[in-house]
């Protein structure tokens with residue numbers, strides 16, 4: 001594991017490694033319209049609120065409410081870790097379109113490291 005991070009840091013220092021982008025990410029354009037970015041955020045918030053409301057309506061207990069709150073908080077922190085902390089502090093070349101793209105990129109890196117050894 002230490003060797004993997006050493007090579008990642010070295011490549012990041014040299015900036016010779018381009019980000020790994022899969023086919024799905026190549027075919028999608030970035031969302032640049034401020035209005036649509038806000039609409040997308042509001043839609044995610046509505047989905048989350050509706051889901052939490054429906055779950056709590058099914059079984060309205062304080063314990064479930066606390067567990068849902070912890071689940072949402074932990075999921076947000078994990079997402080932040082995957083797409084901000086890894087890119088900013090671990091390896092600046094790690095830029096991905098989503099979780100599947102991230103996992104595929106990590107798999108490709110691991111396979112490349114095994115071939116190089």
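The values are calculated or read from the model by the stated rules, or taken from the named source; none is laboratory data. This is a predicted model, so every value here is computed, not measured. Cβ atoms come from the backbone with ideal geometry, glycine included; neighbour counts cover every protein chain shown.
Residues are listed down the side, and each one gets a yes or a no for (1) within 20 Å of the chain's Cα centre (by Cα); (2) modelled with pLDDT of 85 or more:
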site: 46; (1), (2): no, yes
site: 55; (1), (2): no, yes
site: 65; (1), (2): no, yes
site: 72; (1), (2): yes, yes
site: 81; (1), (2): yes, yes
site: 89; (1), (2): yes, no
site: 102; (1), (2): yes, no
site: 107; (1), (2): yes, yes
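Report, by residue number, each residue of region 93-117 that is outside any helix (DSSP H, G or I) and buried (at least 16 other Cβ atoms within 10 Å of the Cβ).
Start the filter on region 93-117 by keeping residues that are outside any helix (DSSP H, G or I), which leaves 93-98, 117.
Scanning region 93-117 gives 93, 94, 95, 96, 97.
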